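Peer 1: If you scroll down you'll find the structure; I have some questions about it.
The values are calculated or read from the model by the stated rules, or taken from the named source; none is laboratory data. Since the model is a prediction, treat every value here as computed from it, not as a measurement. Positions of Cβ are backbone-derived with ideal geometry, glycine not excepted, and every protein chain shown enters the neighbour counts. Side chains included, ligands, DNA and RNA excluded: accessible areas come from the protein's heavy atoms. Shrake-Rupley method; radii C 1.70, N 1.55, O 1.52, S 1.80 Å.
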Amino acid sequence: MNYIYAFAEDQTLTNQELGGKGANLAEMTRLGLPVPAGFTITTAACRQYLASAKQETGFLEDELMKAVHILEEKTQRQLGNTKQPLLVSVRSGAPISMPGMMDTILNLGLNDQTVIGLAEMTNDPWFAYDCYRRLIQMFGDVVYGIDKPIFEAALTALKNKRQVQKDTDLTLVDLKQLIETYKGLYVAAGQYQFPQSVDQQLRLAIEAVFKSWQNPRAQTYRRLNQIDGAMGTAVNVQQMVFGNYQGQSGTGVAFTRNPATGEPGLFGEYLLNAQGEDVVAGIRTPEPIATLKAQLPVIYEQFKTIANQLEAHYRDMQDMEFTIEAGQLYVLQTRVGKRTAPAAFRIAVDLVDEGVIDRPTAISRLKPTMIDGLLHPLFETSAVQQATQLLTGLPASPGAATGAIYFDAQKAQQAHEAGEKVVLVRQETSPEDIDGMVISEAIVTSRGGMTSHAAVVARGMGCCCVVGCQQLQVDYEQRAAHFAGRVLKEGAIISVDGHTGHLYLGALPQQTGVHETTLGTVLSWCDEIAPFAVWANAETPQEVATAFEFGAQGLGLVRTEHMFFGPERIFKMRQMILATELADRQVALAALKALQINDFKQIFSLAEERPCTIRLLDPPLHEFLPQNEAEQAELATALGISLAEIKRRIADKAEINPMLGHRGSRLAVTYPEIYQMQVLAIAESALAVQTTHHHAVAPKIMLPLIGTATEMAYLKQLLQQTIDDYLAENQQQLAYQIGTMIEIPRACLVADKIAATADFFSFGTNDLTQMTYGFSRDDIGHFMPDYQQQGLMPAEPFQTLDQDGVGALMQLAVQKGRQTKPDLSIGVCGEVGGDPTAMPFYRDLGIDYVSCSPYRVPSARLAAAQSQLTLAD
Ligand code: PEP
Ligand code: MG
């Protein structure tokens, strides 16, 4: 097996072997684009290196020499040659992009001799020595772990001494002196020497890149993005081209579309007379790419053509790095560009409209979690108008967030652990800051552009981020920041608007809402292919309206008990519960019925002809009763009975384990009048809405916690009789159904018998999970972290369906239920109804719909459609 391949040498190799960067360099070379020559050391070599006890590159030696030789022939230059020195970059490139997480070394091949050769060859000694001092700095950092700021401090000290502002104001003599100072820093840091042997430089650089696969920030990034840690990184060795060479030189990063909004057209930044690191690290604030059009029009057009060619070739938005060396354009890398959630949706729809991809491809490129990004908060417009604006930066990643400012990742983490919401404010971020960035509500930097580290990482995480706030100065010593004349100490509260780039003093209230019009288009495509429908769990008119706005095709769970908690209602509910005589209970029920009718009318009119599944009263009654004495005394007065009597009646309702006690349909076995009241309220309001709104109403009455076929049959008969008597009395007709939740394991086991009388099933996976595991759904938080730490439970089963256990019961229930009634309508309305990972399972189960909370409806629609696409693969 070979470990090293020249770009485009072997067409059969994939990302897995060459890494994303290597594969794309090979592909671009094949397309005939101006790519500097080079070779890729495969991920297999990295794995081999990391697995061997001694960690050495001896096994690569022969191939490496051969590859260098071929590269030397191609470039007509030689590594270590003092007349025509070949300089190379050594870069990491994993199969899945991990921007900035691993190491890179540029200008490799320079030493005390070859630098003279480079100076002569380019006729630009200043440039040559600047390259050399950059190499020594990078090499020290990457290979020997000598911190960058140590070198930066030496550079700043020299500039101060010479009383100059810019690096370019230093003289050649200064640079030579700086190089000697840098070499001294190696010795001071650990008796290291900068290697004068270029072969040794290359070997050490390759090893350092291999090792950087295991560095803590790369590991954190992989953990956050669920990237397999066993893959390893490839290493790309490529001829250097110089953006810091002469007049017409520069370097930049550009996207084929705007990665924040998705807007078509070249979008990016560049710096003249700079190397790539200067742009990516955000150390200097670059110019927008549009300016290049004016500065170097021919190159701009050439680059635009290449960008279009690459996007058409890869059929997706590209993120490219380019360098201009003495008027010659080179493309150094291309990859599928990371983008914000709104941009992802817009790009998907635009590419379909442009005929580049088809709808299934567009759908499969989007992630259900991105939709949360679209539903990100915005600040309230009126609050923004009155707020004190501190300053404005570049809106790098959308969102609206408020928090206390902290100036380093560690302090931010401590504050977060103490329960504070934090905003990380820095001059610029670097990959070391990743742990602090992850927990921040927002990230703000004073330097850097839209492609700086902070911007790229925040966009990937969906975290609100503003970069390049030129007027912001962070004083790390004094722990204070200067916001355009205002000084804020660490801990001060600011609000960050990632949509506009504005920063505000203090906390601003947020509004929420969808602000992306292409979402609806994509979701309508999803509905056409989804194997089942998406309904919503909602009960307030506000929730119901939101659910339909988000595209729910029905209501899968209206929990009626939520309607009894308002201040006026709870009293009537308590009156009903504490009544000792049926007649007294009936009086309270009559009052409740009037309230329910009102609620149901609103729901039915909003739902129009969509199915509405109304679940009858479920919780144990004690949940409605007051627990503290003051409230109990108040209730006693209101009911005209003594406090002692109230206490006695409340005690009478107490249960040892109420979740397994007198709740759900069991209540109606004891107090049939409660469910009778509810079904009459449903029937009466349905008829009223049918008359006033001129559309049919389709109520599905759902019984909770049915465990036996006898309960089901008994209650169905009782409630049907109640409704039919009412309809007959009023000479009216109503198409209603009476079905059940399937949420007790026993119900799954006898589902064939329950289906004999149930008109439909809906899985209540919350209770079904609780009772299958014997885990209390309210108490699991205390011990689940221990399970997860021990690796005993990969996911929290109330959020992610336990397909093996709970899922097996569901399978049984579906099979048995449909054995009795082949057309039985079956849904899922527990929390995992919106679990994207469970959608393929639901597809195979053959259910009719899932039902989830309104804000999860859009992501469930996408995930449902994707489950159908994975089947087609
Ligand atoms: C369930 O148990 O899954 C369910 C939807 O009902 P609730 O959460 O109200 O018990
Ligand atoms: Mg339940």
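Peer 1: Please state the shape class of segment 174-293: rounded when a/c is under 1.5, otherwise prolate if a/b exceeds b/c and oblate if not, all from the C-alpha gyration tensor.
Peer 2: oblate
Peer 1: Sort K183, K66, K148 from largest to smallest accessible area, using a 1.4 Å probe on the heavy atoms of the protein chains.
Peer 2: Accessible-area ranking of K183, K66, K148, largest first: K66, K148, K183.
Peer 1: Filter K183/K411; K716/K821; K21/K74 down to the pairs with a C-alpha to C-alpha distance above 28 Å, please.
Peer 2: Result: K183/K411 exceed 28 Å.
Peer 1: Still on this model: May I ask for the distance between the Cα centers of segment 129-198 and segment 217-236, given as a whole number of Å?
Peer 2: 31 Å
Peer 1: Give me the net charge for the shell around Y245: Cβ to Cβ below 9 angstrom, other residues only, Lys and Arg +1, Asp and Glu -1.
Peer 2: -2
Peer 1: Would you mind getting the Kirkwood hydrodynamic radius of segment 621-698 from its Cα pairs, rounded to one decimal in Å?
Peer 2: Final number for the Kirkwood radius of segment 621-698 is 15.4 Å.
Peer 1: Give me the distance between the Cα centres of segment 294-333 and segment 611-689, rounded to whole Å.
Peer 2: 70 Å
Peer 1: For the chain, what does -39500 (n - 2.57) per DSSP helix run (n ≥ 4), summed and divided by total residues, give at 222 nm, in deg cm²/dmol to the nearest 500?
Peer 2: -14500 deg cm²/dmol
Peer 1: Now for a separate question. Roughly how many Å² is the accessible area per residue of segment 37-152, as a whole number, for a 1.4 Å probe?
Peer 2: Solvent-accessible surface per residue comes out at 39 Å².
Peer 1: Within segment 543-613, which GluC sites (Glu not before Pro) sit in a loop by DSSP and count at most 10 neighbouring Cβ atoms inside 10 Å?
Peer 2: Passing both the DSSP loop test and the Cβ count: E581.
Peer 1: Can you give me the distance in nm between label points at D724 and Q510, each placed 7 Å from the Cα along the Cα-to-Cβ direction?
Peer 2: Label-label distance for D724 and Q510, simple model: 5.2 nm.
Peer 1: Using only the Cα atoms of segment 306-396, build the gyration tensor, take square roots of its eigenvalues as a ≥ b ≥ c, and label the shape rounded, prolate or oblate: rounded if a/c is under 1.5, else prolate if a/b is larger than b/c, else oblate.
Peer 2: Verdict is oblate for segment 306-396.
Peer 1: Rank these by accessible area, largest first, 1.4 Å probe: R648, R91, R610.
Peer 2: In descending accessible area the options line up as R648, R610, R91.
Peer 1: Then there is this: When we measure straight from the Cα of K647, which lysines land under 26 angstrom away, once same-chain ones fewer than 8 places off are left out?
Peer 2: Straight-line reach from K647, under 26 Å: K572.
Peer 1: Right, next: On the accessible surface of the chain, probed at 1.4 Å, how many percent belong to carbon and sulfur atoms?
Peer 2: Carbon and sulfur together cover 50 percent of it.
Peer 1: Quote to one decimal, in nm, the extra length available between A290 and Q602 on full extension: 0.36 nm per residue of separation minus the C-alpha distance between them.
Peer 2: In short, 106.9 nm is gained.
Peer 1: Now, a different point. Ratio of alpha-carbon Rg to the 2.2 N^0.38 Å globular estimate for the chain, to two decimals, please.
Peer 2: 1.16
Peer 1: Can you give the local net charge around E528? Use residues other than it whose beta-carbon is closer than 14 angstrom to its beta-carbon, Lys and Arg +1, Asp and Glu -1.
Peer 2: So the environment of E528 carries a net charge of 0.
Peer 1: Also, quick follow-up: Once ligands and nucleic acids are excluded and a 1.4 Å probe is used, how much of L33 is accessible, expressed in Å² to the nearest 10?
Peer 2: The accessible area of L33 comes to roughly 20 Å².
Peer 1: Hey, another quick one. Tell me, what is the FRET efficiency for A51 and Q226 to the nearest 0.05, using R0 = 25 angstrom and their Cβ-Cβ distance as r?
Peer 2: 0.65
Peer 1: Computed on alpha carbon atoms, what radius of gyration and Dmax characterise segment 41-186, expressed in Å?
Peer 2: 17.5, 51
Peer 1: Tell me the angle of helix 297-314 to the major Cα principal axis of the chain, expressed in degrees between 0 and 90 and rounded to the nearest ten.
Peer 2: 50 degrees
Peer 1: Let me ask another. Between L869 and R486, what is 0.36 nm times their sequence separation minus the Cα-Cα distance? Round to one decimal in nm.
Peer 2: 132.5 nm
Peer 1: State, to one decimal in nm, how far the label point of Q196 lies from the label point of A633, with both points 7 Å from Cα in the Cβ direction.
Peer 2: 9.3 nm
Peer 1: Using a 1.4 Å probe, what is the accessible area per residue for segment 362-456, in Å²?
Peer 2: On a per-residue basis, 36 Å².
Peer 1: Compute the helix-to-body angle for 61-75: its Cα long axis versus the longest principal axis of the chain, expressed 0 to 90° and rounded to tens.
Peer 2: 70 degrees
Peer 1: Could you check the simple spin-label distance between V336 and S430, using points 7 Å along Cα→Cβ, in nm with one decimal?
Peer 2: Placing both labels 7 Å along Cα→Cβ, they lie 3.1 nm apart.
Peer 1: While we're looking at this one, here's another question. In straight Cα distance, which aspartates and glutamates are under 20 Å from K83, not counting same-chain residues fewer than 8 positions off?
Peer 2: Output for K83: E72, E73, D112, E120, D124, D130, D199, E325.
Peer 1: Now, a different point. Kindly identify segment 13-72 as rounded, prolate or oblate by the Cα gyration tensor criterion: order the square roots of the eigenvalues as a ≥ b ≥ c, call it rounded if a/c is under 1.5, otherwise compare a/b with b/c, prolate if a/b is larger, else oblate.
Peer 2: oblate
Peer 1: Tilt of helix 709-729 relative to the longest C-alpha principal axis of the chain, in degrees (0 to 90, nearest 10)?
Peer 2: 70 degrees
Peer 1: So between I150 and A795, what do we pick up on full extension, going 0.36 nm a residue minus the alpha carbon distance?
Peer 2: Here the answer is 227.8 nm.
Peer 1: How much accessible area per residue does segment 474-531 have, in Å², with a 1.4 Å probe?
Peer 2: Heavy-atom SASA per residue in segment 474-531 reads 46 Å².
Peer 1: Separate question: In a shell of Cβ-Cβ distance under 12 Å around Q413, excluding Q413 itself, what net charge do Lys and Arg (+1) and Asp and Glu (-1) give?
Peer 2: Value of the local net charge: -4.
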